[in-house]
Structures are given as structure tokens and as C-alpha cells.
Amino acid sequence: MLEYLFILPLGMGLITLFLPAVVGRFALVATGLVHLFLSLGFLLDQGRALYPEYFTRAYPGMLMLLLCSFVFACTAPYAAGYMRQKPVKYEPVFSGCMLLFLGTMSMAALAEHPIVFWIAIEATTLASAPLIFIHRSKQALEATWKYVLICSVGIALALLGLFFITFSMEGAGLDIPLTFTSLNTIAAQLNPLWLKTGFIFVLIGFGTKMGLAPMHTWLPDAHSEAPSPASALLSGALLNCAFLGIYKVHTLMVLAGLGQFSSNLLIGFGLFSLLVAGVFILNQPDYKRMLAYSSIENMGIIAIGTGIGGLGLFGAMLHLIHHSLLKSSLFLSAGTIMRAYGSKLISQCTNMPRLLPKTFCCYFAGCLGIAGLPPFGLFLSEMLILFAAFQQGLPLIGLLFAALLILVIAGFIKRVLSMSLGERDNIEGRSRDAARAKERLLQVLPPLVLLSCSLLLCLWIPEPLRQVINDSIVLLGGRIYG
């Protein structure tokens with residue numbers, strides 16, 4: 001039953017809130033592995049939903065689900081080791097909310113009914129807010145408040161957009177079930193004015209949760225203050241779920257003959273997101289905030305590829321996969337760095353090759369990958385989107401895209417080299433502290449697995465995954481590469 005994929009983590013999350021901390025760590029890891037096993041099973045098999053009018057095995061959702069499940073399965077052991085090394089004061093709350101977060105994201109990935117999807121996205125906010133506030137500091141309270149307030153306003157606008165889409169169906173005198181699939185079948189008969197209005201509100205609303213500029217203002221604070229395992233899920237999984245809502249409505253727009261309208265908006269918001277991220281990364285003193293702005297950049301790239309269409313659609317999906325793997329790996333490595341140095345400032349975290357050699361290898365390689373440099377997959381996806389822009393007759397968009405990518409790469413490499421190879425005048429005391437923070441297996445292995453999977457996918461995409469990507473973009477006229 002398809003619903004098991006969110007019933008299991010939701011149930012375990014509620015139970016874990018009342019379990020001892022040690023048992024909660026075991027529940028976190030075990031649930032993550034079982035969830036990944038079930039996700040792979042439903043990917044390879046047809047499966048069935050108990051309530052098909054609310055949940056379905058649609059291919060874009062299955063792709064998001066698989067990414068979410070894999071990232072969580074890698075993050076859970078790291079989180080268990082993270083809490084064992086330095087226990088979190090409210091550990092049962094942390095473990096329980098991590099599982100509730102997985103459950104709500106799984107529900108969003110499987111949702112077939114627009115309002116059920118909206119409920120699931122709103123639930124992700126409620127489930128993840130305690131993760132940001134877990135350290136109970138003043139900065140964490142401010143970040144949590146911004147996250148809840150801004151995302152709730154955005155989700156409310158998305159709900160209004162979904163209502164407008166419903167009005168487009170009623171205006172045409174149609175009486176069919178309100179599901180994304182049924183809307184796609186009668187897209188040409190929907191009222192175009194209500195559809196355009198609905199898409200604008202959906203893009204702004206879900207774009208807020210996705211982290212598109214200028215609705216991104218919650219994201220740097222939330223990612224910076226959340227514990228690293230939570231940051232890995234926020235960036236590597238949650239943003240994808242928010243994009244799924246935009247993608248489904250964009251599909252409806254294309255089938256209704258309004259694809260040019262939605263594509264232009266996606267490209268516009270995507271380019272602006274790249275500009276904002278590039279400017280802030282250039283002189284960013286906090287490495288976790290730097291990674292957060294990188295998420296804004298990469299969400300913008302995905303929006304641009306989706307808006308361009310054609311080969312760009314495959315590039316966007318490929319980019320989404322590699323970003324999830326690389327960014328999750330980076331946030332986990334950042335957690336080890338912060339534990340060792342006791343600081344999030346780049347100027348305080350230098351001489352890493354000597355002090356944290358294993359973590360340095362993962363972090364430096366991940367930074368090269370997330371900056372879009374070869375041989376990592378983001379380089380290929382960005383090149384595909386760039387080629388698609390010229391192929392679709394959008395040379396100005398292609399040139400702007402390339403220029404903004406260069407800005408981001410320059411800022412990223414500047415900060416990463418300073419952090420990885422720089423020296424500071426009074427490093428002796430902090431060197432001793434870092435040396436005492438041993439690189440344990442559970443700190444190094446999960447980010448290494450995520451990084452290795454990204455590299456492996458550069459060389460070979462398994463046929464089931466290739467088929468899921470292909471089926472996800474075929475309705476929009478996308479074509480798979482290779």
C-alpha cells in the first residue's frame with residue numbers, strides 16, 4: 001500500500017517523541033532504512049494506493065520520494081552519531097520531528113489531490129520548525145519565527161492559487177475529480193485567465209518554500225541555525241518537494257497551451273535567484289549561510305531549466321538529483337567542521353587538511369561539485385541547460401545564465417579556498433580543540449556515500465532511474481540525453 005510510505009515515519013515519529021534518547025536514535029536509523037527499501041520497491045513495482053483519488057505513484061513524485069528517502073537514510077546514521085557525541089538537550093523531540101519531517105515530505109511526494117499536496121507542504125513547516133529551534137538560542141528563535149511566518153504566508157498564497165485553478169475548471173462547466181491527473185486530461189478546456197492567475201500565486205507561494213528569490217529570506221537563517229542533519233534534509237529534500245508543486249502546475253499550463261507564460265516566469269525568477277545568490281556568496285563570512293545561498297542558486301538553475309524546456313528539462317531533473325546528493329553531503333561535513341572548530345565563521349576554520357583530513361576531502365570535493373565544476377554532475381546539468389537555451393532560440397538567456405554561473409563559481413571558490421587552505425595568526429589553541437574532535441566513522445561515511453553516489457551517477461544512470469526521469473518530463477516535451 002502506497003500510503004505506508006508516509007504512515008510509517010509519521011507513526012514512528014509520534015512514538016519516538018516519548019521514547020528514551022538511545023531508543024530514538026535506533027528508531028531514526030531503522031525507519032530510514034525501511035523507508036528506503038519500501039521506496040525502491042514501489043519504484044520498481046507498480047504498487048497501489050488505498051485512496052487513489054488522493055495519492056498516486058506519479059513519476060515526478062516518485063523521483064522526489066526516492067531522493068528524500070535516500071538522503072534521509074544517509075542522514076539518520078550521521079544524526080545518531082551526532083547526538084551520541086554531544087547529546088542534544090531535547091533529543092526525543094529532535095528524533096521525532098526528523099521522522100515526522102520525513103513523513104510529511106513523503107506525503108507531499110505522493111499527493112495526487114492539490115489540496116492534499118498543500119496540506120502536506122504546510123505540515124512540513126510544522127514538523128521541521130522544532131528542528132531549527134532545537135538549540136533554543138536567540139538566533140534560533142529568530143530563524144524559526146522567520147521560517148514559520150514567511151513560509152506560512154507563502155503557502156497561503158499557494159492555496160489561493162490552487163483555488164483559482166479550481167475556478168478555471170468550474171468556469172468551463174466541467175465535473176471531474178479534482179486531481180492533477182484529471183486536470184491534465186482536460187487542460188485545454190480550462191479557463192486561461194484563472195489558470196494564469198493561479199500559476200502566479202502557486203509560483204510565489206511554493207517558490208517561497210522552494211527558496212526562489214526574492215521570497216528566499218527565511219532560508220539562510222534557517223539553514224544556518226538548524227543542526228546539520230536537519231539542514232541536510234531542508235536543503236536536500238524539502239526544497240524538491242516545494243518545486244514539485246510548481247512543476248505539476250507548470251505541466252498543466254503547458255498542456256493548456258499556456259507554457260510560454262509559465263516558462264517566462266520560471267526563467268525570470270530563476271535568473272534573479274542566481275543573481276542574489278552570487279552577490280551574497282561572494283563575501284559571505286559564514287560557511288553554513290554560504291551553503292544556504294548556494295541552495296537558492298541551484299533552485300534558480302532548476303527553475304531556469306524547467307522554463308527553457310526540451311533538453312533543459314532533463315538538465316533540470318539531473319541538476320535536482322545531484323544538488324540533493326552534494327548539498328546534503330556538504331551540510332553533514334559542515335556539522336563535523338562546526339563541532340571541531342566551534343565556529344561557523346570561515347575565518348576561524350582554516351588549515352583543514354591537517355586538522356580534519358577526511359572531512360576536508362569530502363567538503364572540498366563537495367564544494368567543487370556544488371560550484372558546478374567537472375567532473376561532477378552539476379557541470380553536465382548546467383551545460384545541458386545552457387545548450388538548451390541556445391537550442392530553443394534564447395541566446396540572451398543563455399549568456400545571462402553563463403555570466404551568473406561564473407559569478408557564483410568565483411565567490412564559492414574564493415570562500416572555500418580561504419576556509420580550506422588559509423592560515424590564521426593564533427591557530428594553536430583551536431588546532432588542539434580540532435585535534436580532539438576525532439573524525440568518527442559515522443561523521444565521515446554518510447557524506448562520503450552521498451558524494452560517491454553523485455560521482456557514480458555522472459558515469460552511469462540505472463535504467464529504472466533513467467525511466468523515471470524520462471516519464472517525469474515527457475508530458476512537457478522534454479527529452480532524455482544519451
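The values are calculated or read from the model by the stated rules, or taken from the named source; none is laboratory data. This is a predicted model, so every value here is computed, not measured. Virtual Cβ from ideal backbone geometry, glycine too; neighbours counted across all protein chains shown. The protein model used for the area step is the full one, side chains on, heavy atoms only, and it has no ligands, DNA or RNA in it. Shrake-Rupley method; radii C 1.70, N 1.55, O 1.52, S 1.80 Å.
Using all alpha carbons of segment 94-198, what is the percent of pairwise distances in each 10 Å bin, ordered from the shortest bin to the longest?
Using 10 Å bins, I get a P(r) of 15, 35, 26, 16, 7, 1 for segment 94-198.
Enter the accessible area of Arg440 (Å², nearest 10), with the probe set to 1.4 Å and all protein chains included.
Ignoring ligands and nucleic acids, Arg440 comes out at about 120 Å².
Between segment 300-318 and segment 221-277, what's the alpha-carbon centroid distance in Å?
Value for the Cα centre distance between the two parts: 11 Å.
Using only C-alpha positions, report the orientation-averaged shadow area of the convex hull of segment 296-368, nm², one decimal. Write down the numbers at each step before the final one.
Numbers: hull surface 20.9 nm².
Its Cα hull, projected and averaged over all orientations, spans 5.2 nm².
Which whole number of Å³ per residue matches the convex hull of the alpha-carbon atoms in the chain? Don't jump to the answer; show the numbers that get you there.
On the way: hull volume 58.2 nm³, N = 482.
In the chain, the Cα convex hull volume per residue is 121 Å³.
If r is the Cβ-Cβ distance from Ile413 to Asp175 and R0 is 45 Å, what FRET efficiency results, to the nearest 0.05?
Computed FRET efficiency for Ile413 and Asp175 comes out at 0.20.
Which net charge results for the neighbourhood of Pro52, defined as the other residues with beta-carbon distances under 12 angstrom from its beta-carbon, given Lys and Arg at +1 and Asp and Glu at -1?
Working: positive: Arg48, Arg57; negative: Glu3, Glu53, Glu112.
Here the charged neighbours net out to -1.
Using just the C-alpha positions of segment 196-266 as equal point scatterers, what log10 of I(q)/I(0) does the Debye formula give at each q in 0.19 1/Å?
Scattering profile of segment 196-266, log10 relative to I(0): -0.74.
Quick one: ranking His135, His319 by accessible area, 1.4 Å probe, largest first, what do you get?
Numbers: His135 100, His319 0 Å².
Result, largest first: His135, His319.
Could you work out the equivalent-ellipsoid semi-axes for segment 211-361, taking the square root of 5 times each eigenvalue of the Cα gyration tensor, largest first, in whole Å?
Details: eigenvalues 210, 41, 31 Å².
Equivalent ellipsoid semi-axes, largest first: 32, 14, 12 Å.
On the protein heavy atoms, probe 1.4 angstrom, tell me the percent of accessible surface of the chain carried by carbon and sulfur. Provide the component values of the computation, followed by the final result.
Working: 12110 of 17520 Å².
The nonpolar share, carbon plus sulfur, comes to 69 percent.
To test your reading of the geometry: what angle, between 0 and 90 degrees and rounded to tens, separates the Cα axis of helix 4-16 from the longest principal axis of the chain?
Around 40 degrees separate the two axes.
Using just the alpha carbons, could you tell me how many Å³ per residue the convex hull of segment 247-294 encloses? Kindly include the intermediate steps, with their values, before the conclusion.
Numbers: hull volume 2.6 nm³, N = 48.
Hull volume over Cα atoms, normalised by residue count, gives 53 Å³.
Work out from phi, with θ = phi - 60° and the Karplus expression 6.51 cos²θ - 1.76 cosθ + 1.60, the ³J(HN,Hα) of each residue of segment 129-134, listed in order in whole Hz, and give x for Gly and Pro.
So the J values, rounded to whole Hz, are 4, x, 5, 6, 8, 4.
Starting from a Cα-only point model with no solvent, please compute log10 I(q)/I(0) by Debye for segment 146-224 at q = 0.11, 0.15, 0.20, 0.21 1/Å.
Computed log10 I(q)/I(0) values: -0.35, -0.57, -0.80, -0.84.
Residue by residue, what Karplus-based ³J(HN,Hα) values in Hz, rounded to whole numbers, does segment 177-182 have, using 6.51, -1.76 and 1.60 with θ = phi - 60° and x for Gly and Pro?
The phi angles translate into x, 7, 9, 4, 5, 5 Hz.
Once you place label points 7 Å from the Cα toward the Cβ at Gln467 and Ile406, how far apart are they in nm?
Taking the simple label geometry, Gln467 and Ile406 are separated by 4.3 nm.
Hey, what angle do you get for helix 138-171 against the long axis of the chain, alpha-carbon based, 0 to 90 degrees rounded to 10?
So the helix axis and the longest Cα principal axis differ by about 10 degrees.
If you line up the long axis of helix 91-110 against the longest principal axis of the chain, both from Cα atoms, how many degrees apart are they, to the nearest 10?
Helix 91-110 and the main axis of the chain meet at about 30 degrees.
At 0.36 nm per residue, and after removing the present C-alpha to C-alpha distance, how many nm does the segment from Val22 to Met383 gain when stretched out fully? Write out the running numbers ahead of the final one.
Working: separation 361, 0.36 × 361 = 129.96 nm, distance 4.62 nm.
Stretched fully, the Val22-Met383 segment lengthens by 125.3 nm.
With Cβ to Cβ distances under 15 Å as the rule, what net charge do the other residues near Pro177 carry (K, R +1; D, E -1)? Walk me through the numbers before you get to the answer.
Numbers: positive: none; negative: Glu53, Glu112, Glu170, Asp175.
Around Pro177, the charge tally is -4.
Could you tell me the convex hull volume per residue, in Å³, taken over the Cα atoms of segment 1-128?
In segment 1-128, the Cα hull volume divided by residue count equals 86 Å³.
Can you give the FRET efficiency to the nearest 0.05 for Leu193 and Trp145, using r as the Cβ-Cβ distance and R₀ = 35 Å? The partial results should precede the final answer.
Working: r = 37 Å, r/R0 = 1.05.
FRET efficiency, Leu193 to Trp145: 0.45.
Keeping all protein chains in place, calculate the accessible area per residue for segment 121-240 (probe 1.4 angstrom), answer in Å². Show your work: numbers first, answer last.
Working: 4170 Å² over 120 residues.
Per-residue accessible area for segment 121-240 comes out at 35 Å².
Just list whichever of Lys327/Lys414; Lys89/Lys344; Lys86/Lys209; Lys86/Lys344 have alpha carbons separated by over 24 Å in the model shown.
On the way: Lys327/Lys414 18 Å; Lys89/Lys344 21 Å; Lys86/Lys209 31 Å; Lys86/Lys344 17 Å.
Check vs 24 Å cut-off fails for Lys86/Lys209.
Tell me the net charge near Leu445. Cut-off is 15 Å between Cβ atoms, Leu445 excluded, with +1 for each Lys or Arg and -1 for each Asp or Glu.
Value of the local net charge: +3.
Give me P(r) over segment 35-81, computed from all C-alpha to C-alpha distances, binned every 5 Å, as integer percentages.
Binned Cα distances yield the sequence 5, 21, 26, 21, 13, 8, 5, 1, 0.
Using 0.36 nm per residue of separation minus the Cα-Cα distance, give me the extension gain between Leu14 and Gln85 in nm, one decimal.
Details: separation 71, 0.36 × 71 = 25.56 nm, distance 2.44 nm.
23.1 nm is the gain from fully extending Leu14 to Gln85.
When only C-alpha pairs under 8 Å and at least 6 residues apart count, what is the relative contact order of the chain, in percent?
Numbers: 853 pairs, mean separation 75.6, N = 482.
Computed value for the chain: 16 percent relative contact order.
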